[in-house]
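The values are calculated or read from the model by the stated rules, or taken from the named source; none is laboratory data. All figures in this text were calculated on a predicted structure; none of them were measured in a lab. Note: ideal-geometry Cβ built from the backbone for every residue, glycine included; neighbour counts use all protein chains shown.
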């Protein structure tokens, strides 16, 4: 969920998370100082260290909130569908739209945080694993129901889906190009699922 929607968090913590999100729309993460975050949030700099270990921990918590909101949205969208192929198509389309609409978070996820070992121990990465597991579960359901061929390796198909989504977004993220998410989603789904569908 988004930081401002987390009613269980103290108001100061929410302000700090929202402040970093706001600043990252204008500046590179590494150039943002904790004093800027505090000033934008209207809190003391010391309050940041009450709720977060350091600036990176704050970033991971902001990403975690973003991932939670995104995954909840995915689950609600696929809930009304029984077809595994349809569910996977929705995930591809929704993921592309999310990357396109949240370029700051997409850039941080795809180009920055993966260089830090601490990221892979964070709650944010835990949410990425849940998203990845959701895709794998749907593939396995498709295999079990006969909708996807038994010869398809579920883990390999998941990697193909995730790789296609990320690669399609890299040009937009790095060079600021526009991305026709509907068209790209259709192309990806046609290529992947014509090969996977019985």
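Counting only residues that are within 21 Å of residue 106 (Cα to Cα) and either surrounded by 21 or more Cβ atoms within 10 Å (Cβ to Cβ) or touching a helix residue (DSSP H, G or I) at 6+ places or on another chain (Cβ under 6 Å) (or both), how many does segment 24-54 have?
4
It is to be established whether one or more residues within segment 72-83 are at pLDDT 90 or above, within 20 Å of residue 159 (Cβ to Cβ) and assigned to a helix (DSSP H, G or I).
Yes, because at least one residue in segment 72-83 is at pLDDT 90 or above, within 20 Å of residue 159 (Cβ to Cβ) and assigned to a helix (DSSP H, G or I).
Could you list, in sequence order, the residues of segment 11-43 that are over 28 Å from residue 176 (Cβ atoms) and at pLDDT below 90?
none
Checking the structure you have, find out if any residue of segment 189-196 is farther than 26 Å from residue 28 by Cβ, touching a strand residue (DSSP E or B) at 6+ places or on another chain (Cβ under 6 Å) and assigned to a helix (DSSP H, G or I).
yes
Test residue 69 against the criterion of being touching a residue at least 60 places away in the same chain (Cβ under 8 Å), out of contact with any helix residue (DSSP H, G or I) (no Cβ under 6 Å at 6 or more places or on another chain), part of a helix (DSSP H, G or I) and assigned by TED's automatic domain parsing to the domain that holds residue 112, and give yes or no.
Taking the combined requirement at face value, the residue satisfies it.
Name the one entry in 12, 79, 46, 42 that is out of contact with any strand residue (DSSP E or B) (no Cβ under 7 Å at 6 or more places or on another chain) and assigned by TED's automatic domain parsing to the domain that holds residue 128.
Criteria check complete, one pass: 79.
I want to confirm something. Restricting to segment 129-147 and keeping residues that are under 11 Å from the mean Cα position of the chain (by Cα) and under 22 Å from residue 189 (Cβ atoms), which single residue is surrounded by the most Cβ atoms within 10 Å (Cβ to Cβ)?
Per the criteria, the residue is 131.
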